[in-house]
Amino acid sequence: MTLGKLYIGTAGWSYADWNGIVYPAKRGRTFHALDCLQRWFNTVEINSSFYRPPSPKHAESWVKRVAEREDFLFTAKLWERFTHHRDSWPGPSEIAQYRDGIAPLKEGGRLGAVLVQFPWSYRRTPENRLWLGKVVDAFSDYPLVVELRHSTWDLPEVYSGLRERGIAFCNIDQPLFKDSIEPSEHVTAPVAYVRFHGRNYDNWFREDAGQNERYDYLYSEDELKPWLAKLRSMRQKAEKVYVVTNNHFQGQAVANALEIHMAMGGVKYELPDHLLAAYPRLKNSMGAQCPP
């Protein structure tokens, strides 16, 4: 049996609190985070495209940054205008703005998937089902992944509907409350997707919690073990399996992504001293360091 290819990486790369932990504290003028991350990972989820469509110039520069790594693919979050600001349907110019922004990724053969991430408050109602249908119709020519966090979507007909349209369901690890979707291993398209948000119960729904507080969580090895079995199962059903760590505070996403990479049989890396100092349990890894 041919197993699906694993793509493991982090959600985003531009975090000031990664300096001195993931990236060198002192960096040269030409340093770019992708120069570092592509040495350890074969994917990165573009986080900034959620807040605003990327400029084609920036997207083109990202493609150039990973030119030497032939197997590297980006995934990109869909603009929040389509998932979180739903007072009115976006106009043609807004759809075109996002499409134009990620065009260099698609044209360069570097776009693995577009992530349509809805908030936990997005429940399965007739209105929301219609909105979801319009979103996937508008971007049907991309490999789409839909992230639904509320348990009202956890129904066989939802998964079969996604499967009929070739849309991937995003399996997530999140703090579990009464109406949260639980960890799963659904494969509804040639692409499969998993996102790790952390399990910071205290801050997940706290209104005054900042982004760093909400995603401040380091998975233990024991917490990751059940996911390793899920990933092995998903590889038997999908052509590509994306594993994205979003627990980004102080580089915890990098540490856990490296641990998943290692546990799934990936090559060992020689990690920089500053990363090992922050996460000593990574010392079993050996390989390429970040460029200066």
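The values are calculated or read from the model by the stated rules, or taken from the named source; none is laboratory data. The structure displayed is predicted, hence computed values, not measured ones. Backbone-built Cβ (ideal geometry, glycine too); neighbour counts: all protein chains shown.
Looking at LEU282, LEU271, LEU275, which one is crowded, with 22+ Cβ neighbours inside 10 Å, more than 18 Å from the chain's Cα centre (by Cα) and at pLDDT below 95?
Going through LEU282, LEU271, LEU275 in turn, just one is crowded, with 22+ Cβ neighbours inside 10 Å, more than 18 Å from the chain's Cα centre (by Cα) and at pLDDT below 95: LEU271.
Looking only at segment 125-145, count how many residues are under 15 Å from PRO190 (Cβ atoms) and either surrounded by 20 or more Cβ atoms within 10 Å (Cβ to Cβ) or in contact with a strand residue (DSSP E or B) (Cβ under 9 Å, 6 or more places away or on another chain) (or both). Reasoning before the result, please.
Just the residues of segment 125-145 that are under 15 Å from PRO190 (Cβ atoms), to begin with: 140-145.
Then keep just the ones that are either surrounded by 20 or more Cβ atoms within 10 Å (Cβ to Cβ) or in contact with a strand residue (DSSP E or B) (Cβ under 9 Å, 6 or more places away or on another chain) (or both); that gives 142-145.
The total comes to 4.
Residues are listed down the side, and each one gets a yes or a no for (1) without any contact (Cβ under 8 Å) to a residue 24 or more places away in the chain; (2) out of contact with any Ser or Thr (no Cβ under 9 Å at 6 or more places or on another chain); (3) of a type in the set (Ser, Thr, Tyr):
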site	(1), (2), (3)
TYR193	no, no, yes
ASN200	no, yes, no
LEU228	no, yes, no
SER233	no, yes, yes
VAL244	no, no, no
LYS268	yes, no, no
LEU276	yes, no, no
LEU282	no, yes, no
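Quickly run through segment 185-200 and pick out the residues that are assigned to a strand (DSSP E or B) and aliphatic (A, V, I, L, M).
Listed by number, the residues that qualify are VAL191, ALA192, VAL194.
Taking into account only those residues within segment 55-105 that are aliphatic (A, V, I, L, M) and part of a loop (DSSP other than H, G, I, E, B), which is surrounded by the most Cβ atoms within 10 Å (Cβ to Cβ)? Please lay out each step first, then the result.
Taking segment 55-105 and keeping what is aliphatic (A, V, I, L, M), we get 59, 63, 66-67, 73, 76, 78, 95-96, 102-103, 105.
Okay, now just the ones that are also part of a loop (DSSP other than H, G, I, E, B), so 66-67, 78.
Values: VAL66: 21, ALA67: 11, LEU78: 25.
Checked segment 55-105; the qualifying residue surrounded by the most Cβ atoms within 10 Å (Cβ to Cβ) is LEU78.
Which condition does GLY198 not pass, out of (1) more than 28 Å from ARG232 (Cα to Cα); (2) buried (at least 20 other Cβ atoms within 10 Å of the Cβ), if it passes all the others?
It fails just one condition, (1).
So, in segment 227-259, how many residues would count as being part of a helix (DSSP H, G or I) and within 19 Å of the chain's Cα centre (by Cα)?
Selection size over segment 227-259: 18.
Of all residues in segment 45-87, which are of a type in the set (Gly, Ala, Ser), in contact with a Gly (Cβ under 8 Å, 6 or more places away or on another chain) and under 17 Å from PHE139 (Cα atoms)?
Selection gives SER49 alone.
Could you tell me whether segment 178-186 includes any residue that is within 17 Å of the chain's Cα centre (by Cα), surrounded by 18 or more Cβ atoms within 10 Å (Cβ to Cβ), under 24 Å from THR10 (Cα atoms) and small (Gly, Ala, Ser)?
There is no residue in segment 178-186 that is within 17 Å of the chain's Cα centre (by Cα), surrounded by 18 or more Cβ atoms within 10 Å (Cβ to Cβ), under 24 Å from THR10 (Cα atoms) and small (Gly, Ala, Ser).
Considering only residues that are acidic (Asp, Glu), within 23 Å of SER88 (Cβ to Cβ) and either in contact (Cβ under 8 Å) with a residue 60 or more places away in the chain or outside any strand (DSSP E or B) (or both), which ones fall in segment 106-161?
Those that are acidic (Asp, Glu), within 23 Å of SER88 (Cβ to Cβ) and either in contact (Cβ under 8 Å) with a residue 60 or more places away in the chain or outside any strand (DSSP E or B) (or both): GLU127, ASP137.
Of SER88, SER55, which residue is farther than 18 Å from GLY108 by Cβ and out of contact with any His (no Cβ under 7 Å at 6 or more places or on another chain)?
Going through SER88, SER55 in turn, the sole match is SER88.
Of the residues GLU164, GLU182, which single one is in a loop (DSSP other than H, G, I, E, B) and among the charged types (D, E, K, R)? It would help to see each step written out before you state the result.
Numbers: GLU164 fails: in a loop (DSSP other than H, G, I, E, B).
After applying the criteria, what remains is GLU182.
So in segment 104-162, with the set limited to residues that are more than 18 Å from ARG195 (Cβ to Cβ) and among the polar types (S, T, N, Q), which one is nearest to the chain's Cα centre (by Cα)?
Within segment 104-162, the match that is nearest to the chain's Cα centre (by Cα) is SER140.
Tell me, which residue of segment 1-23 that is in a loop (DSSP other than H, G, I, E, B) and touching a His at 6+ places or on another chain (Cβ under 7 Å) is farthest from GLY198 (Cα to Cα)?
Residue satisfying both the conditions and the ranking: GLY20.
Where residues in segment 218-242 are within 14 Å of ARG195 (Cα to Cα), out of contact with any helix residue (DSSP H, G or I) (no Cβ under 6 Å at 6 or more places or on another chain) and aliphatic (A, V, I, L, M), which of them is surrounded by the fewest Cβ atoms within 10 Å (Cβ to Cβ)?
The selected residue is LEU224.
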